[in-house]
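Q: Here you go, one structure.
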Ligand SMILES: [Ca+2]
């Protein structure tokens, strides 16, 4: 009984002295955890292609969105930072109007297109959260220079956990 009590007290103490539990679970500095993934909201602006390369350099990819909960999380963060737009991983390069996640080539199933979006046809093949739509989805010309969100699933990967 005392052993269990001691263990409980010890565990509680550990929680109290580790204020940044998110980092303890494996997101690098500057990355934010949601469920089993880590997300990086860029400070700089890039074209979609450049943003995609930067995310790969950071051992991730532009953010995919697989659920309403994940989408709400991303929109909430965007609403705090309030940049004009944030590139996501989606594109319709191959077949106009057929949107896929670049990193998996899977067709996009969950979506949060703003009313009337996508609306720019062949002139806009890249997916973004847009401030003017309260960060609902919009198709945008890939050459625009916007902020971007990288994502990685590598929580628990020691290499990923280091700065
Ligand atoms: Ca298009």
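Q: If you average 1/r over all unlike Cα pairs in segment 28-85 and invert the result, what Kirkwood radius do you get in angstrom?
A: Values: mean 1/r = 0.0816 Å⁻¹.
Result for segment 28-85 stands at 12.2 Å.
Q: Let me ask you something else. Of 96, 46, how do they rank once you tally other Cβ atoms within 10 Å and put the fewest first?
A: The order, fewest Cβ neighbours first, is 96, 46.
Q: Over the Cα atoms of segment 38-150, compute the convex hull volume and normalise it per residue, giving Å³. Could you put the intermediate results ahead of the total?
A: Values: hull volume 10.4 nm³, N = 113.
Hull volume over Cα atoms, normalised by residue count, gives 92 Å³.
Coordinate-derived values only; no laboratory data. Note that the structure is predicted; figures quoted are calculated from it, not measured. Neighbour counts are summed over all protein chains in view; Cβ atoms, including those assigned to glycine, are modelled from backbone coordinates with ideal geometry.
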